[in-house]
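Student: Sharing a structure with you now.
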Ligand code: NDP
């Protein structure tokens, strides 16, 4: 998380304030469902909205975020990278990840952070029965995978192996996140199978899994994964991968805890208040239903 304590000096009695999620599309975003009950529970006079924004509208949207009365915004697909050129300052974590998911407005100055990193770390530490991991296999090389790799590094995972459809994107990830202990294998190769047998943590951070009958690799290969491994899918539903892993007796975590923890970390930055985690978790589960 950020080294700056952004929200701490805020006076939140004046209001009304506005917050929102910036993306294209945003209709499906669960962020309003998480944040509004948390704002209401703490008596903060603010509304959290969906701000549908195309790439050409992004500069104007960020200019609007500098207005008095706007506390900040979450940023989602596809703007997490493009937003970097439109804000004033970045946390070290966001700079390293090359992606921003939270923008805080402090008197017209915009500060960007990446709470996906802390969100993933908190989800794994909070939900898993296992305490330490030696070797993780990360599927995907997009913005979410970059946050996952940095979180794994922070959790002290000794070896992180990434596999991705696009070789170029995977190489970029490995090179730009050094000195994280991250290396690369080709998908569906013998090396990939060997990594499945070695992994004590397997993470799907691709966008594959939203629909039934799709999975990031052949599900029969789950037989290779050690029985005490943890399988995580960033998709916030029970994907085919998670269902098959659970059938094999593997421990699993879906994307909802990460979503809630990244939202809670963003809430703390926006408001300077302790986020009501249980309220956010219950609201997210309701919204998912
Ligand atoms: P990106 O668009 O940046 O990356 C998408 C990734 O999925 C890339 O690695 C891409 O590979 C891969 N991919 C897409 N389609 C295919 C396919 N048909 N076959 C193989 N690989 C494919 O998205 P993000 O990294 O931002 O998000 C990834 C997922 O994580 C999304 O589902 C998102 O909702 C989820 N997420 C969940 C969060 C949570 O809090 N639970 C937080 C952030 C994200 P390639 O590089 O080859 O295109």
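Bear in mind these aren't lab numbers, they're just calculated from the coordinates by the rules spelled out. If you're wondering where the values come from, they're calculated on a predicted model, not measured in any experiment. Positions of Cβ are generated from backbone atoms using ideal geometry, with glycine treated the same way; all protein chains shown enter the neighbour counts.
Student: Mind checking which residues of region 151-177 are within 13 Å of the ligand (Cβ to nearest atom), under 20 Å from residue 233 (Cβ atoms) and in a helix (DSSP H, G or I)?
Tutor: Selection gives 151, 169, 170, 173.
Student: Let me spell it out: the conditions are (1) in contact with a strand residue (DSSP E or B) (Cβ under 7 Å, 6 or more places away or on another chain); (2) surrounded by fewer than 19 Cβ atoms within 10 Å (Cβ to Cβ), and residue 195 meets all of them except one. Which number is the exception?
Tutor: Of (1) in contact with a strand residue (DSSP E or B) (Cβ under 7 Å, 6 or more places away or on another chain); (2) surrounded by fewer than 19 Cβ atoms within 10 Å (Cβ to Cβ), only one is false for residue 195: (2).
Student: Please give the number of the condition residue 128 fails out of (1) away from the ligand (no atom under 15 Å from the Cβ); (2) in contact with a helix residue (DSSP H, G or I) (Cβ under 6 Å, 6 or more places away or on another chain).
Tutor: (2) is the only condition that residue 128 fails.
Student: A follow-up question, please. Go through region 54-78 and report how many residues are closer than 26 Å to residue 13 by Cβ and within 16 Å of the ligand (Cβ to nearest atom).
Tutor: 2
Student: Looking only at region 164-178, decide whether some residue is touching a residue at least 40 places away in the same chain (Cβ under 8 Å), within 21 Å of the chain's Cα centre (by Cα) and crowded, with 20+ Cβ neighbours inside 10 Å.
Tutor: yes
Student: Just the residues that are surrounded by 17 or more Cβ atoms within 10 Å (Cβ to Cβ), outside any loop (DSSP other than H, G, I, E, B) and within 16 Å of the ligand (Cβ to nearest atom), please, taken from region 214-255.
Tutor: Result: 230, 231, 232, 233, 240, 241, 242, 252, 253.
Student: I'm checking my understanding of the structure. Among residues of region 103-120 that are more than 12 Å from the ligand (Cβ to nearest atom) and surrounded by 24 or more Cβ atoms within 10 Å (Cβ to Cβ), which one is farthest from residue 180 (Cα to Cα)?
Tutor: Selected residue: 105.
Student: Is it true that residue 110 is more than 27 Å from residue 281 (Cβ to Cβ) and assigned to a strand (DSSP E or B)?
Tutor: yes
Student: Moving to a separate point now. Is it true that some residue in region 202-211 is in a strand (DSSP E or B) and either over 19 Å from residue 97 (Cβ atoms) or without any contact (Cβ under 8 Å) to a residue 40 or more places away in the chain (or both)? Before the answer, list the steps.
Tutor: Start the filter on region 202-211 by keeping residues that are in a strand (DSSP E or B), which leaves 202-204.
Checking which are either over 19 Å from residue 97 (Cβ atoms) or without any contact (Cβ under 8 Å) to a residue 40 or more places away in the chain (or both) leaves us with 202.
The answer is yes; a qualifying residue exists.
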